Amino acid sequence: MNYVEGMSESLSSSSENSEESRSIQVTERAARWVLERHARLGQPEAALRVGVKGGGCAGYTYVTDATTEPPSEREQVLEFYGLRVYVDRRSLKLIGGSTIDLHKTLMQTGLRFQNPHEASTCGCGSTFSVKEV
């Protein structure tokens, strides 16, 4: 179940080599929303798996999923406000330094990535391209 709501928002990056740029953050609002969804689905112990996959019109798509499986060796394990988050280490090159927040509109509610590496998004809001590394 992908929790990402279209259109992400770019942030300017402060330090590409800092520890923060190699990890992600999840806001309290987003963590509580995901925990509530997991509980409603009967999976209160589920973690949030986060990553990026190639494809779409702009090049990459954010991927989020609930999982009750243990993390793989290639995943970084983080915890925010009681929510365990597994981040694919290969994806950190594209999303490191991002903040995941909850975004609500009249039409939809979902997670939004604020990604310092994002150069642009597609018109559909589902895919993004990255700045030159």
Arg29 vs. criteria basic (Lys, Arg), modelled with pLDDT of 95 or more and over 22 Å from Gln108 (Cβ atoms): no
Members of the range 69-87 found to be farther than 11 Å from Ile24 by Cα and in contact with a helix residue (DSSP H, G or I) (Cβ under 9 Å, 6 or more places away or on another chain), listed by number: Tyr81, Gly82, Leu83
The range 83-104: number of residues that are free of Cβ contacts under 8 Å to residues at least 60 places away in the same chain and out of contact with any strand residue (DSSP E or B) (no Cβ under 7 Å at 6 or more places or on another chain): 3
Unique residue being more than 18 Å from Leu111 (Cα to Cα) and surrounded by 16 or more Cβ atoms within 10 Å (Cβ to Cβ) when the list is Glu75, Glu45, Glu69: Glu75
Scan of the range 19-45 for residues that are part of a helix (DSSP H, G or I) and among the acidic types (Asp, Glu), ordered by number: Glu19, Glu20, Glu28, Glu36
Gly110 vs. criteria outside any strand (DSSP E or B) and either in contact (Cβ under 8 Å) with a residue 12 or more places away in the chain or aliphatic (A, V, I, L, M) (or both): no
Criterion (closer than 21 Å to Arg22 by Cα, buried (at least 17 other Cβ atoms within 10 Å of the Cβ) and touching a Cys at 6+ places or on another chain (Cβ under 8 Å)) met by exactly one of Phe128, Phe113, Phe80: Phe128
Residues (assigned to a strand (DSSP E or B) and of a type outside the set (Asp, Glu)) located in the range 113-122: Phe113, Gln114, Ala119, Ser120, Thr121
All positions within the range 46-72 that are at pLDDT 95 or above, assigned to a loop (DSSP other than H, G, I, E, B) and not hydrophobic (A, V, I, L, M, F, W, C): Thr68, Glu69, Pro70, Pro71, Ser72
The lone exception for Ser120 - which of (1) of a type in the set (S, T, N, Q); (2) at pLDDT 90 or above; (3) surrounded by fewer than 19 Cβ atoms within 10 Å (Cβ to Cβ) it fails: (2)
Single match in Thr99, Thr61 (criterion: surrounded by fewer than 20 Cβ atoms within 10 Å (Cβ to Cβ), touching a helix residue (DSSP H, G or I) at 6+ places or on another chain (Cβ under 9 Å) and within 20 Å of Arg22 (Cα to Cα)): Thr99
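The values are calculated or read from the model by the stated rules, or taken from the named source; none is laboratory data. Remember, predicted model here, so these are calculated numbers, not experimental data. Virtual Cβ from ideal backbone geometry, glycine too; neighbours counted across all protein chains shown.
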